[in-house]
Amino acid sequence: MEMQELSGYFDYNATTPLSDTVVQAMIASLSQFSNASSSSKLAQGNKALLKEARQSVARLLNCSAAQVAFTSGGSEANNWAIKSCLLPCSQAPGHIITTAIEHPSVLDTVRYLERAFGFTVTRLQPQASGAIALAEVEAALQPDTQLISVMYANNETGVIQPVEGIVALAQARGIKVHVDGVQIVGKRQVDLPALGADFVSCSAHKFYGPKGVGCLYIREPDQLEPLIHGGGQEMGMRAGTENLTAIAGMAQAAQDCTSMVAQWDAHYSDCKAQLMGRLEQLPFSIRFNGETCVTQAVANTLNFSIDGVRAEALAAFLDRKCGIQVSIGSACSNNDASKQHSHVLSAMGLDEARIQGALRVSFGRYTQLADIETFVQQLEACTSKLLAMSEMA
Amino acid sequence: MEMQELSGYFDYNATTPLSDTVVQAMIASLSQFSNASSSSKLAQGNKALLKEARQSVARLLNCSAAQVAFTSGGSEANNWAIKSCLLPCSQAPGHIITTAIEHPSVLDTVRYLERAFGFTVTRLQPQASGAIALAEVEAALQPDTQLISVMYANNETGVIQPVEGIVALAQARGIKVHVDGVQIVGKRQVDLPALGADFVSCSAHKFYGPKGVGCLYIREPDQLEPLIHGGGQEMGMRAGTENLTAIAGMAQAAQDCTSMVAQWDAHYSDCKAQLMGRLEQLPFSIRFNGETCVTQAVANTLNFSIDGVRAEALAAFLDRKCGIQVSIGSACSNNDASKQHSHVLSAMGLDEARIQGALRVSFGRYTQLADIETFVQQLEACTSKLLAMSEMA
Amino acid sequence: MYSELIADHFMDPGFVGDVENPALEFEIGNSVCGDRIRVQAGVTDGTVSEIAYRAWGCATSVATGDIFCESVKNTALADIASRTPEQIEAMLGELEPSQHHCVHILTEMHQSLLAEAQTQGVI
Amino acid sequence: MYSELIADHFMDPGFVGDVENPALEFEIGNSVCGDRIRVQAGVTDGTVSEIAYRAWGCATSVATGDIFCESVKNTALADIASRTPEQIEAMLGELEPSQHHCVHILTEMHQSLLAEAQTQGVI
Ligand SMILES: Cc1ncc(COP(=O)(O)O)c(C=O)c1O
Ligand SMILES: Cc1ncc(COP(=O)(O)O)c(C=O)c1O
C-alpha cells in the first residue's frame, strides 16, 4: 500500500488499510498451514503463534489472555455477547436497554431477540451532542433489565458514550453490560478491566489489521455460552479451525497499536483542529453534527453538513474527480420506505436536509496535515461547483 | 510451500496446505483494503472480487451464486444451519435426528438445543461399516421431527453417508435436511441442487483454501434467519465486513477444485489401493476401520488399527523420527471421565484396544505414490520398534 | 457505484445553466430523495432548439438531467413524444438498484416537457 | 506436544529390555489410558545395579519408564525412598495437561520398586 494512494482516504472509520507490518505477518503465516489443534510437531508453530497473538491483543486491552476470544469480526462479537447473555433467558424474556445509535449488528440482534422471543427493549435517543445521557439510562432501568448494550464511540460522529457511568449503574444492580468497542480500539488507549464491562467487542480492520477477525473481551470467561458451538478452540468458547493468517495480522496490528496509539491520537487531534479551522474559513454555511471536542469525541472523526449541498453528489465528485473518499449521512434508495438516512443522525434530531448534506471525515495514521489542506481545497472547489449547478435564478 | 515438506503429510482431512495459486490470490487481495460495502471507486474492485468469488464457489457446488453465503468456516456454517432452522421452534421444540458420528460443531450445537430449549434428539449409531443405515433414519422419524442433520462423508473414516436417501425421506414429509459437506467438497464432485438438501456446509481449508472461511449452501435463501445479525452483507443473511482475503483464497481454491477434483479423486484411489496393498503385506495384524471401498468411502482416507500398538506412540514416532503426520483415534487424557477416544470409532462399536491402535491416514493432491511407499516403510520400522519395546518375555 | 455514462454526465454536465426567455420551463421534484431539477427550453418549429437545467440532487439525478437535455436538444417534440418507456429506461444505461429512481425522474422529465409544450401551445 | 526431555527418552530409550534373573520385578498399569509398564531390576548392597523395562503405552509413558530407570540405576534404594513428590514430579520436566497422568505413573513406579524391595528383603 503506497502512501500516496492513501492521501485522499478519509474513511478510516469504515475500514483501514493493512499496515506493512501486518501484511508481512500475514504473508509469513501463510505457509504455516497445519491445524493448530493438532499435536504434531508441524502444529507447534501455529500453537505458539496463537498463544502470542492472544497475549498481544490482551496487552492492547490491558486484560489477561484468557479473557480474549477471537471471532470473525466485530459483528460476530456483538452478536455473541448479546445472544449468549440473553438466549438463556428466552423462556423468561426480560428487558434490554440499548441505544438508537448502535451499529446494525447490535440493533438487528436486539430486534431479533425482541421479535423472536419477546424481550422488551428500550432504545435510548441521543442528545443533540450525539451522546446518550446517563440519567436516561438510569431512568430506563427496570427490575427485569437483563442487559445494557451500548457502544463506546459512535462510528458516524465519533462521540464517546458514558460507558463508565453505565457500568457503575449496572453493576450496582447486577445487570450485565456489553460495550461495542469497535470504534475506540486503535484510537484511544483502553483499559477494559478498569472499565468493568462484562463484554467488549473489537474488530481488527479498524486498526490496520485484516477484515474478518476481531475479538470479544469476556470479563468472566467461564460463564459464556458459545455462539458457535463445537470443538475446543478459543478455550472451548468458539468452535472453528483458527484463522491463523487473520489472527497473525490482528496480533501484529495490536502490537503496533499498543505502542503507537497515544502518538496517533495526538496526531488525529492536530488533524482535527486543522480541519475544523479550515472548514470554518470556507465561504459556506457548515454545521458540525454532534460534539466535536476531542475530550468528548474520538479525534479522528468529524461529521458536518454543508447547507444547500447533497452529500451524495459531493462525495461522488470528491471520489471521482479528486480521489478522495469520505462517508455520507444519506444514500440514495429506491423507495420511500427504505430511505437510507443515517439512523444515528436521525436519532440526534437532525432535519432531512442536514442529514442529506452530512459528510463523515475520518482520518488515520497515514493521514498527513498536508492531506487535510488538499482535502479542504478540493472540498471547496467541488462544493462551489455543486452550488453553482443548483443555483436557481 | 515446498513439495518436499509435504511428502510426510498424511493429515489432509485435518487441514490442507494452501496451494500456490491460493497464496497468490490472497496476497493480491491484501492491498485491496477498501470496505466492499462502500460506494467509492476504491471499493469497486472488492465488490467485483466478492461477486466473482461467489460465482466460483457456486460453480464448484453446481448451484447459483445467490445460494452461497460465506461464513467463517465449516463450524459456523453448521451452527447457522441448525440453529436458524430450530431456534424459531424454540417455543415448541420438536425432534431432531442426527448421528453419533457428526463433527463436534454439529454434536455440540444439537446438545445445546436439547439442553437449553428442550428439543428431543435421536442420535443414530453407525453400522460397523461406519455408515448410518437408511432404514434407521426412517425408523427414527417422528411426527414432530423438525430437522435431520447428517454429514456427507465422515472425517475419520471417510465413509459416505446415505444423504440422498435421507433427503428423499425427509422431503416426502416436509422435514428440513442439513448436510455437513465439509469432508466431501474437494474430494468428490458434488451437485447440491441435485442432492436437494436444504443446507450444506463447506470449509475452504479442506480443499487447499485458507482456514477461517467456508460457506453455507442455502436452497431457499429467503427463509433463513441469520446466525450473525446486522448489516446487509451476504445478501442480508450474515453480518460482518467481508473477509476479502480469505474469500479470495477460497474462490481460487474452488476454481482449482472445479477443474481438478475428478483427477485428484482418481489419484487418491491409486494411492489408497497402493497403501492398502502394501499394508496387507506387513508382518503385523492390521484391521481396517470402516468400509474402505472407494464407492463407499472417500478415496483419500484410510483408517486402520495395528494390534498391540498404541497409535499415540506410533504417531509420535512417525512425527518425530520421520516427519510423518497422521491422526489418531485416541489421545491421552488426564482422567477417566474425559477419555479422549474417537467418538466415531466408539460409535462403530470398536473395542478400546482397537481404538487406541487406530491411525487415520488422509492424503491429498500433493501426495505422491512414492510418498506412500516411504510411509509404509517408516510405519513398518516404527511399529517393529514399538512392538519390540512392549514385548514382555 | 456509477457507470461510466452516469459518471461522465455528472462530472462534466454540458447543460447546466439557464435559457434566456425560455419558451418552456418546468421543475420536477422527487419525493423519495428530495431531488429537484429545473429545466428551461427554447422551441423552434416544434423542435427543442435550446435547453438547460439546474439540479439539487444525487449524482445520478444530476446526470439524468444532463442526459435528458442532451437527448432532446435539436429533437422534434413529436419524436420525443414517441419514445417508449423501454427507450427511456435504456437512456440511463446500467443502474444499481439504488439508482433506479432516476428512471422515474427521466420519465417525469419527458412527461413534463411534453405537457408544458402542450400548455404553451408549441406542439 | 512433547518436551525435548520426553521426546529424547521416548525416541531413544536406553533401558528397554530385560534383566536376567532380576531380584525385583513389578508391573504397573494405568487404568485411565491402559498403559502397562514392566520393570525388572538387580540390586547389589542396597543399590540398584541393573534395571530395564518394557512398556505398552503412550509416548510420554514410555519416556517415563526410561526416565525412571535412568534415575534409579546405581542409586541406593534408601536415596530413592527419600525423594519427595515434588522431586519426582520435577523429573519429567514440563508437561501438557494431557501428559500429567505420567506423574502418577512415575510415582507408582517409585512406590512399587520400594514395596517390591521390601517384599524381597533387599532394603
Ligand atoms: C466434518 C467436518 N465438519 C465441520 C468441520 C469444521 O470446519 P471448520 O474447521 O472450517 O470450522 C470439520 C473440520 O474441521 C469437519 O471435518
Ligand atoms: C461501531 C461498530 N460496531 C461493529 C462493527 C462491525 O465490525 P465488523 O465489520 O468487524 O463486523 C463496526 C464496523 O463495521 C462498527 O463501526
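The values are calculated or read from the model by the stated rules, or taken from the named source; none is laboratory data. Computed from a predicted model, the values in this text were never measured in an experiment. In this analysis, Cβ positions are derived from the backbone assuming ideal geometry, glycine residues included, and neighbour counts consider all displayed protein chains.
Would you list the helices (runs of 4 or more DSSP H) that sit entirely within segment B:132-232 and hold 3 or more residues that are free of Cβ contacts under 8 Å to residues at least 40 places away in the same chain? Give the steps one after another, and end with the answer.
On the way: elements: B:134-140, B:163-173, B:192-195.
Ranges flagged: B:134-140, B:163-173.
Any idea which residue in segment B:1-28 is farthest from ligand 2 (Cβ to nearest atom), counting only those that are modelled with pLDDT under 90 and more than 10 Å from chain A (Cβ to nearest Cβ)?
B:Gln4
Test of understanding: among B:Pro88, B:Pro143, B:Pro93, which residue is more than 16 Å from ligand 2 (Cβ to nearest atom) and out of contact with any helix residue (DSSP H, G or I) (no Cβ under 8 Å at 6 or more places or on another chain)? Can you show your working first?
Working: B:Pro88 fails: out of contact with any helix residue (DSSP H, G or I) (no Cβ under 8 Å at 6 or more places or on another chain); B:Pro93 fails: out of contact with any helix residue (DSSP H, G or I) (no Cβ under 8 Å at 6 or more places or on another chain).
The unique qualifying residue is B:Pro143.
Out of (1) in contact with a strand residue (DSSP E or B) (Cβ under 7 Å, 6 or more places away or on another chain); (2) more than 23 Å from A:Ser40 (Cβ to Cβ), the odd one out for D:Ser98 is which?
Of everything listed in (1) in contact with a strand residue (DSSP E or B) (Cβ under 7 Å, 6 or more places away or on another chain); (2) more than 23 Å from A:Ser40 (Cβ to Cβ), D:Ser98 misses just condition (2).
(1) more than 13 Å from ligand 1 (Cβ to nearest atom); (2) of a type in the set (A, V, I, L, M); (3) crowded, with 16+ Cβ neighbours inside 10 Å: which one isn't true of B:Ile82, the others all being true?
With (1) more than 13 Å from ligand 1 (Cβ to nearest atom); (2) of a type in the set (A, V, I, L, M); (3) crowded, with 16+ Cβ neighbours inside 10 Å applied to B:Ile82, the lone miss is (1).
If a residue must be closer than 20 Å to B:Ala316 by Cβ and touching a residue at least 40 places away in the same chain (Cβ under 8 Å), how many such residues does segment D:90-112 contain? Give the derivation first.
Filtering segment D:90-112 for residues closer than 20 Å to B:Ala316 by Cβ gives D:91-106.
Still in the running and touching a residue at least 40 places away in the same chain (Cβ under 8 Å): D:92-96, D:99, D:101-102, D:104-106.
Qualifying residue count, segment D:90-112: 11.
Please state which one of A:Gly212, A:Gly236 is within 16 Å of ligand 2 (Cβ to nearest atom) and at positive phi.
On the way: A:Gly236 fails: within 16 Å of ligand 2 (Cβ to nearest atom).
Being within 16 Å of ligand 2 (Cβ to nearest atom) and at positive phi holds for just one of A:Gly212, A:Gly236, which is A:Gly212.
Could you tell me whether B:Gly249 is small (Gly, Ala, Ser) and assigned to a loop (DSSP other than H, G, I, E, B)? Step through it out loud before you land on a result.
Working: small (Gly, Ala, Ser): yes; assigned to a loop (DSSP other than H, G, I, E, B): no.
Taking the combined requirement at face value, the residue does not satisfy it.
Can you find, within segment C:68-79, the residue that is nearest to the other protein chains (Cβ to nearest Cβ) among those that are hydrophobic (A, V, I, L, M, F, W, C) and surrounded by 18 or more Cβ atoms within 10 Å (Cβ to Cβ)? Give the derivation first.
Step one: of segment C:68-79, the residues hydrophobic (A, V, I, L, M, F, W, C) are C:68-69, C:72, C:76-78.
When the remaining residues are screened for being surrounded by 18 or more Cβ atoms within 10 Å (Cβ to Cβ), the result is C:68-69, C:72, C:77.
Numbers: C:Phe68: 15, C:Cys69: 13, C:Val72: 19, C:Leu77: 24 Å.
The qualifying residue nearest to the other protein chains (Cβ to nearest Cβ) is C:Cys69.
Of C:Ala63, C:Ala76, which residue is among the aliphatic types (A, V, I, L, M) and farther than 25 Å from A:Ile328 by Cα? Write out each step before concluding.
Values: C:Ala63 fails: farther than 25 Å from A:Ile328 by Cα.
So the residue among C:Ala63, C:Ala76 that is among the aliphatic types (A, V, I, L, M) and farther than 25 Å from A:Ile328 by Cα is C:Ala76.
Of the residues in segment B:190-209, how many are among the small types (Gly, Ala, Ser), buried (at least 24 other Cβ atoms within 10 Å of the Cβ) and either within 16 Å of ligand 2 (Cβ to nearest atom) or more than 13 Å from chain A (Cβ to nearest Cβ) (or both)? Give the steps one after another, and end with the answer.
Residues of segment B:190-209 that are among the small types (Gly, Ala, Ser), as a first pass: B:194, B:196-197, B:201, B:203-204, B:209.
Checking the rest, the ones that are also buried (at least 24 other Cβ atoms within 10 Å of the Cβ) come to B:197, B:201, B:203-204, B:209.
Then drop every residue that is not either within 16 Å of ligand 2 (Cβ to nearest atom) or more than 13 Å from chain A (Cβ to nearest Cβ) (or both), which leaves B:197.
Residues in segment B:190-209 being among the small types (Gly, Ala, Ser), buried (at least 24 other Cβ atoms within 10 Å of the Cβ) and either within 16 Å of ligand 2 (Cβ to nearest atom) or more than 13 Å from chain A (Cβ to nearest Cβ) (or both): 1 in total.
So C:Glu25 clears everything in (1) at pLDDT below 95; (2) within 13 Å of another protein chain (Cβ to nearest Cβ); (3) not in a helix (DSSP H, G or I) except one condition, right? Which one?
Of the numbered conditions (1) at pLDDT below 95; (2) within 13 Å of another protein chain (Cβ to nearest Cβ); (3) not in a helix (DSSP H, G or I), the odd one out for C:Glu25 is (1).
Going by the structure shown, is B:Ala315 within 14 Å of chain D (Cβ to nearest Cβ) and among the aliphatic types (A, V, I, L, M)? Break it down into steps so the answer makes sense when it comes.
Working: within 14 Å of chain D (Cβ to nearest Cβ): yes; among the aliphatic types (A, V, I, L, M): yes.
Yes, satisfied.
If we keep just the residues of segment B:66-85 that are under 15 Å from B:Gln233 (Cβ atoms) and within 16 Å of ligand 2 (Cβ to nearest atom), which is nearest to the other protein chains (Cβ to nearest Cβ)?
Within segment B:66-85, the first condition is being under 15 Å from B:Gln233 (Cβ atoms), and the residues that meet it are B:66, B:68-72, B:76, B:80.
Those left that are additionally within 16 Å of ligand 2 (Cβ to nearest atom): B:69-72, B:76, B:80.
On the way: B:Ala69: 13, B:Phe70: 9, B:Thr71: 8, B:Ser72: 4, B:Glu76: 5, B:Trp80: 9 Å.
Filtering first and then ranking leaves B:Ser72.
Can you tell me how many residues in segment B:174-209 are small (Gly, Ala, Ser) and under 22 Å from B:Leu244 (Cβ atoms)?
Restricting attention to segment B:174-209, the residues satisfying the condition of being small (Gly, Ala, Ser) are B:174, B:181, B:186, B:194, B:196-197, B:201, B:203-204, B:209.
Filter again for under 22 Å from B:Leu244 (Cβ atoms), leaving B:186, B:201, B:203-204, B:209.
Count: 5.
Just checking, does segment B:246-268 include any residue being within 14 Å of another protein chain (Cβ to nearest Cβ) and surrounded by fewer than 22 Cβ atoms within 10 Å (Cβ to Cβ)?
No, that holds for no residue.
Sort out which residues of segment A:92-112 are of a type in the set (Asp, Glu) and either touching a strand residue (DSSP E or B) at 6+ places or on another chain (Cβ under 9 Å) or within 16 Å of ligand 1 (Cβ to nearest atom) (or both), and write them in order of number.
Initial filter on segment A:92-112 (of a type in the set (Asp, Glu)): A:102, A:108.
The one that is of a type in the set (Asp, Glu) and either touching a strand residue (DSSP E or B) at 6+ places or on another chain (Cβ under 9 Å) or within 16 Å of ligand 1 (Cβ to nearest atom) (or both): A:Glu102.
For segment B:58-79, which positions are on the phi < 0 side of the Ramachandran plot and more than 15 Å from ligand 1 (Cβ to nearest atom)?
B:Ala58, B:Arg59, B:Leu60, B:Leu61, B:Cys63, B:Ser64, B:Ala65, B:Ala66, B:Gln67, B:Val68
Considering A:Glu220, A:Glu234, A:Glu225, which residue is within 14 Å of chain B (Cβ to nearest Cβ), more than 16 Å from ligand 1 (Cβ to nearest atom) and over 17 Å from the mean Cα position of the chain (by Cα)?
Details: A:Glu220 fails: within 14 Å of chain B (Cβ to nearest Cβ); A:Glu234 fails: more than 16 Å from ligand 1 (Cβ to nearest atom).
Going through A:Glu220, A:Glu234, A:Glu225 in turn, just one is within 14 Å of chain B (Cβ to nearest Cβ), more than 16 Å from ligand 1 (Cβ to nearest atom) and over 17 Å from the mean Cα position of the chain (by Cα): A:Glu225.
Within segment B:149-182, can you find the residues that are away from ligand 1 (no atom under 16 Å from the Cβ) and touching a Cys at 6+ places or on another chain (Cβ under 7 Å)?
Result: B:Lys176, single match.
Any residue at all in segment B:138-148 that is within 13 Å of ligand 1 (Cβ to nearest atom) and either out of contact with any Leu (no Cβ under 6 Å at 6 or more places or on another chain) or under 27 Å from B:Leu302 (Cβ atoms) (or both)? Talk me through it step by step, then tell me what you get.
Residues of segment B:138-148 that are within 13 Å of ligand 1 (Cβ to nearest atom), as a first pass: none.
There is no residue in segment B:138-148 that is within 13 Å of ligand 1 (Cβ to nearest atom) and either out of contact with any Leu (no Cβ under 6 Å at 6 or more places or on another chain) or under 27 Å from B:Leu302 (Cβ atoms) (or both).
Give me a count of the residues in segment A:99-120 that are part of a helix (DSSP H, G or I) and more than 15 Å from ligand 2 (Cβ to nearest atom). Don't jump to the end; show me each part of the working.
As a first pass, look at segment A:99-120 and keep what is part of a helix (DSSP H, G or I): A:104-117.
Restricting the remaining residues to those that are more than 15 Å from ligand 2 (Cβ to nearest atom) gives A:111-117.
So the answer is 7.
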